[in-house]
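Readers should treat all values here as calculations from the given coordinates under stated rules, not as data from a laboratory. Computed from a predicted model, the values in this text were never measured in an experiment. Heads up, the Cβs are rebuilt from the backbone with ideal geometry, glycines too, and the neighbour counts pull from every protein chain shown.
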Amino acid sequence: MQNQVESLTVLFTEFYYWVTVVFMFLIHVGFATYEIAVVRPKNMQRTLMKTFVVIPLVTVTFFFFGWWIYNAFSNGPGITGGIAEGAGETAAPWSELMAPNLEDRINGVFWAAFLLFSWTAAAIVSGALLERVRTAAFLIIGTMVGSVLWIIDAAWGWHPEGWMVQVMGYHDAYASGVIHAIAGGATLAALIVLGPRIGKFGPKGEVRDIKPHNVWLACVGLFLIFTGFWGFYVACNIPMLDIGPNGESYFSATNIYLMPTTLSGITFNFLMSFSGGILAAYLVSRGNPFWTFSGGLAGVIATSAGNDLYHPIQSMILAAIAVVIIYKLHFYVERKFKLDDVVGAVAVHGYAGVFGVVTAGFMLWGYPAAEPVDGVSAWFTTPDGWPAINPLGNFLGAIIMFGLGFVPIFLIAKLLNRFGLLRVPRAVELVGLDVHDHASAYPYFQGRTDGDGIADEERALAQSMEGTARAPVVPGTPGAVAREDRR
Amino acid sequence: MGTGIDSFTDPQNVGALYPFPGIEVVLAVVGILLWLGWHVHQTRIENQEYARAIELYRRVGTARALGKDGTEWLPSEEEFAAEAEAKDRTGSG
């Protein structure tokens, strides 16, 4: 690097992405935490291994071919438009730039930021399949989603020169569709072939609630995911770029399409959509902790496509509407189609992601999607001749995203199932995935002991309320006690 | 004797920093083979694990293996095996 300004820009950008990677690790601490919490103790250790080992598998495969796919497949339509120029020099696993090299300081951190998105895509699929999927099957499905499928759609619709952006005007700034809808589609496909857990549905098809073994830990896991989501959001931006017209300098942060936004703006919108989602989820779930936390996540996902440009209150309202819809849809699909999605991943990621992409098409109608590439004609253009965001492009884009996850994973799951490699044997599922090869997850856990005085008093009080469910007035209770509502 | 770089006095003209430059393709091929081999080996281990579990449950009874509620209490494999052996002895006696 020859001068100080260039050096500062490059070294700042290098450090910026590096920090996002560290933050995004928290997403996976969160995934591990909440997945372990929602399963029964007999399945905890296998669940942890499944969730954890997919991380290195997606990492090595993203090195071998995932990053190259992103750099190679932006031409269109589909993957038939030829390999993009320079993909091999930048991203082939034998490229000199895929290693420590003084001639390049960005490739590694940019690769890592995308890799952490890939981990997320794979991890989204994981939660829905808990307690009955074979580890080997999930690792294959997770690797396909994380290192092949999502990165194809990222090349198409999350790249300034991607054909969906240039032709359709597709806009999805923080990956409502590019990661969440595709992972939701893949999850739905895998669920259809895999089937529900033993006991999830009764003999008459009634839905049974298999409870998390530790609700609060599940919520802590979701809180960690929110924390890591900050890294995810800022990693979707370019922190410093000269976007001035005709040689005039104008430095700004941009979204992934190199269109201007601000870190300040996305901070507004992240927090307001998060809040709108939580508040709506609390009401619609009547204060269910798991769904209230998940509602925050769904709210952010349902507005991520346009959170680079929305007003914060628009973001909050859209998040709230989306959460009500996805919550109702989750339970409708569960009842109607007998799908056992352990963590509601199809709803929180798939339905919310599709909602986010479709609504962004309407909300941002006419905004520039990206700078045009010579020789490419967009369906709709701005007065400057740039591809324009529009409802049709984003609606079709949402279908492409969801379908690109659904169709290949349905076929892969069918193939695995044909060889008996998708689901654990029924006896193993019944007894528990951990039982035969691991010691108990809680070797010293002896169950409840009710020997303390408080529990005895509580039991006595409950007995005194038999038939009324009203607390009797107990004379001599120390301190002030508020009146009980007797309506 | 050296494996790559022997001077950093002119960093402008230094590119790749790793030793043995020029073997990147070989490294990539080896890495991909290791990855594929890992999947095969992991699947084999998991299949063996389930086969062993099924055999054990066949001998001791799945209901017995399920334990208390199938959740809180995880029986030990040694305990099962000892019980099955005792049952075999009783049966043969």
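Which cross-chain or sequence-distant (5 or more) residues have an amide H under 5 Å from the amide H of residue A:261, H modelled 1.01 Å from N in plane?
A:253, A:254, A:255
Rounded to whole Hz and in sequence order, give me ³J(HN,Hα) for the range A:382-387 from the Karplus expression 6.51 cos²θ - 1.76 cosθ + 1.60, θ = phi - 60°, writing x for Gly and Pro.
Once rounded to whole Hz, the list reads 7, x, 7, x, 8, x.
Would you grab the residues whose amide H sits under 5 Å from the one on residue A:423? Only those 5+ places off in sequence or on another chain, please, with H modelled 1.01 Å from N.
Here A:134 satisfy the definition.
Give A:50/A:328; A:211/A:338; A:50/A:336; A:42/A:338; A:50/A:211 a once-over and call out the pairs whose C-alpha atoms are over 22 Å from each other.
Distance filter (> 22 Å) returns A:50/A:328; A:50/A:336; A:42/A:338.
Take the eigenvalues of the Cα gyration tensor for chain A, scale each by 5, and report the square roots as semi-axes in whole Å, largest first.
43, 27, 22
For the range A:255-264, in order, what is each residue's ³J(HN,Hα) by Karplus, 6.51 cos²θ - 1.76 cosθ + 1.60 with θ = phi - 60°, in whole Hz (x at glycine and Pro)?
7, 5, 8, 6, 9, x, 8, 9, 4, 4
Enter the mean number of other protein chain beta carbons within 10 Å of the beta carbon of each residue in B:12-18, as an integer.
Per-residue shielding by partner chains comes out at 5.
How much length is gained if the chain between residue A:246 and residue A:466 is pulled fully straight, taking 0.36 nm per residue apart and subtracting their Cα-Cα distance, in nm to one decimal?
The span from residue A:246 to residue A:466 would gain 71.1 nm if fully extended.
Amide H to amide H, which residues 5 or more places from residue A:381 or on other chains are under 5 Å from it, using H placed in the peptide plane?
The answer is A:388.
Order of B:7, A:285, A:176, A:294 from fewest to most other C-beta atoms within 10 Å?
Listed from fewest to most nearby Cβ atoms, that is B:7, A:285, A:294, A:176.
Using Cβ counts within 10 Å as a stand-in for footprinting exposure, how do A:465, A:240, A:363, A:316 rank, fewest first?
Ranking A:465, A:240, A:363, A:316 by Cβ neighbours within 10 Å, fewest first, gives A:465, A:240, A:363, A:316.
Where Rh denotes the Kirkwood radius from the mean inverse Cα pair distance, what is Rg over Rh for the range A:324-437?
Answer for the range A:324-437: 1.17.
Arranged by the count of other C-beta atoms within 10 angstrom, fewest first, what order do A:216, A:386, A:119, A:18 take?
With the sparsest Cβ surroundings first, the list reads A:216, A:18, A:386, A:119.
Taking 0.36 nm per intervening residue step and subtracting the Cα-Cα distance, what contour gain separates residue B:45 from residue B:5 on full extension?
10.1 nm
How much length is gained on full extension from residue A:83 to residue A:311, taking 0.36 nm per residue of separation minus their Cα-Cα distance?
Extra length available between residue A:83 and residue A:311 comes to 78.3 nm.
Counting only other chains, what is the mean number of Cβ atoms within 10 angstrom of the Cβ of each residue in peptide A:424-433?
6
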